[in-house]
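Shown next, in structure tokens, is the structure this report addresses.
Every number in this text was worked out from the coordinates using simple rules, so none of it is lab data. Since this is a predicted model, take the numbers as computed values, not measurements. Cβ: placed from backbone, ideal geometry, glycine included. Neighbour counts: every protein chain shown.
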Amino acid sequence: MVLLRKNSNLYLTLVRLRRNRLAVLGLWIMLILLLTAVFAPLLAPYHYATQNLVDAFEPPSWAHPLGTDDFGRDILSRIIYGAQVSLQVGVFAVSLAMLSGGVLGAIAGYYGGHLDDVIMRFMDVLFAIPQILLAITIAAALGPGLMNLTIAVGIAALPTFARIVRGAVLSIVGQEYIEAARCMGASDAWIIAKHILPNCSAPIIVQGTLRVAQAILAAAALSFLGLGIQPPFPEWGGMLAGSRGYLRDYAYMAVFPGLAIMITIMALNFLGDGLRDAMDPKLKR
């Protein structure tokens with residue numbers, strides 16, 4: 001393939017990424033989680049809502065490898081189904097923030113002037129509010145639910161992408177090939193879409209990977225507070241909230257969902273750090 005020919009940017013990036021063992025480990029973990037989420041109905045030994053009060057508070061066993069909760073529901077099955085929600089919210093929320101923040105940042109950096117001031121001052125206002133507090137405020141205003149949770153987390157992450165894209169655009173907009181495109185009659189929208197944004201892809205991809213981890217953590221926090229996914233559908237943060245009253249006697253109910261969150265965020269951070277090192281222009285030969 002042309003894109004993977006030797007000495008191409010993509011080929012060299014993949015080579016450097018492969019040398020980073022932690023990044024490869026994070027990639028494998030995320031692939032496993034993605035496959036688990038896609039094939040959850042086939043992999044889960046029970047349906048996430050199946051209740052059996054006779055088996056309530058059963059510790060880990062052959063029938064229930066991670067035990068059961070206070071309603072006799074299989075914790076392993078609920079964690080497997082919960083991967084669907086966590087990954088869906090993380091990916092879609094960051095995609096929303098990346099798209100909207102990228103467009104606003106590109107417009108602000110390309111046109112400058114008063115338009116830049118208006119857009120970036122609004123981003124500064126959002127950026128001044130802690131991300132989790134902003135997400136809680138938006139989620140409380142919109143109400144619980146998967147779509148509202150995604151919107152709340154996405155808006156909270158929007159200022160970061162706007163700033164990153166604006167900074168990258170300011171470093172590119174004065175280049176000779178941009179002036180050449182203007183002289184050839186290319187429209188501003190064409191220049192931004194075809195010449196500027198593709199050259200900003202490296203920092204966007206790296207930040208996007210890291211932000212997915214933060215989005216998953218924020219979604220878990222909102223569900224823990226009752227502002228996210230509502231029962232009976234499982235979500236890792238909601239599972240933690242449901243186990244609060246049983247920590248002394250049935251700690252496993254909180255340990256396993258907590259481990260799922262920790263491992264997912266750890267894998268995304270490993271992958272994001274590896275991508276940042278692999279795509280760093282200073283390391284290119």
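Structural remarks
- Ordering of 28-38, 81-91 by burial proxy (mean other Cβ atoms within 10 Å per residue, highest first): 81-91, 28-38
- Computed per residue of the chain from DSSP H runs no shorter than four, each worth -39500 (n - 2.57), the mean residue ellipticity at 222 nm is -23000 deg cm²/dmol.
- Cα-based helix-to-principal-axis angle, 113-128 vs the chain, degrees rounded to 10: 20
- The charge dipole of segment 97-181, taken about the Cα centre with unit charges on the Cβ atoms of Lys, Arg (+1) and Asp, Glu (-1), comes to about 280 debye, rounded to the nearest 20.
- Given (1) -0.51, -0.89, -1.08; (2) -0.43, -0.84, -1.13; (3) -0.28, -0.67, -1.09, the label whose value is log10 I(q)/I(0) by the Debye sum over Cα atoms at q = 0.08, 0.12, 0.15 Å⁻¹ derived from this model: (2)
- Packing here is the average count of other Cβ atoms within 10 Å per residue, and on that basis the peptides 181-187, 206-212, 69-75, highest first, run 206-212, 69-75, 181-187.
- Per-residue HN-Hα couplings for segment 214-229 [Karplus 6.51, -1.76, 1.60; θ = phi - 60°; Hz; x = Gly/Pro]: 5, 5, 5, 5, 5, 5, 5, 5, 5, 5, 4, 8, x, 9, x, 5
- Relative frequency of Cα-Cα separations exceeding 17 Å in segment 87-229, percent: 60
- Applying the Karplus relation 6.51 cos²θ - 1.76 cosθ + 1.60 with θ = phi - 60° to segment 25-30 yields 3J(HN,Hα) values of 4, x, 5, 5, 4, 5 Hz, where x marks Gly and Pro.
- Centre separation in Å (Cα based) which lies between segment 245-263 and segment 10-58: 18
- Distance cut-off 17 Å, percentage of C-alpha pairs in segment 170-285 lying past it: 68
- Cα gyration tensor shape for segment 30-111, rounded if a/c is under 1.5, else prolate or oblate: prolate
- Nearest 10 degrees, 0 to 90: helix 146-172 Cα axis against the chain principal axis: 30
- For segment 267-278, 3J(HN,Hα) per residue [Karplus equation, 6.51 cos²θ - 1.76 cosθ + 1.60, θ = phi - 60°, Hz, x = Gly/Pro]: 5, 5, 5, 4, 5, x, 5, x, 5, 4, 5, 6
- Relative contact order of segment 141-285, pairs being alpha-carbon contacts under 8 Å that are 6 or more residues apart, as %: 26
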